[in-house]
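Notes to accompany the following structure.
The values are calculated or read from the model by the stated rules, or taken from the named source; none is laboratory data. Everything quoted here is computed from the prediction, not taken from an experiment. So basically every Cβ, Gly included, is an ideal-geometry build from the backbone, and we count neighbours across all protein chains shown.
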């Protein structure tokens, strides 16, 4: 067996990590107690910020769900993996559209635009 080269007062690496972990746990417990003591009604601006943050997260979740449901509503029947996107265009001064798959060349015939057209809209890119 090898000799211990540390002095009596020195920690091993494992003991250092255990000691540091205990200190951090105490600090977390202290901060949690301080948070519990804060009167949110007295500090209404903090409550407003927290409520606004939660509302923003909820809006993002709802938007993602809505977009996913629109994509699932218009699957491509040719390649089975893509979704049909609405491609608006102008024809004789009126707005028309067709749906084209984002994965293959499959598309529908052109139709006149009306307000009840639903589905993911492809944003035209400038060439």
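Within region 111-120, if we keep just the residues that are surrounded by 13 or more Cβ atoms within 10 Å (Cβ to Cβ) and farther than 9 Å from residue 84 by Cα, the residue that is modelled with the lowest pLDDT turns out to be 117. Looking only at region 70-87, residues that are more than 15 Å from residue 117 (Cα to Cα) and surrounded by fewer than 17 Cβ atoms within 10 Å (Cβ to Cβ) come to 7 in all.
Contact map, region 113-127: first residue within 20 Å of residue 65 (Cα to Cα), second residue surrounded by 14 or more Cβ atoms within 10 Å (Cβ to Cβ) and at pLDDT below 75, Cβ cut-off under 7 Å, separation 6 or more or different chains; pairs are 118/70; 119/70; 120/70; 120/71.
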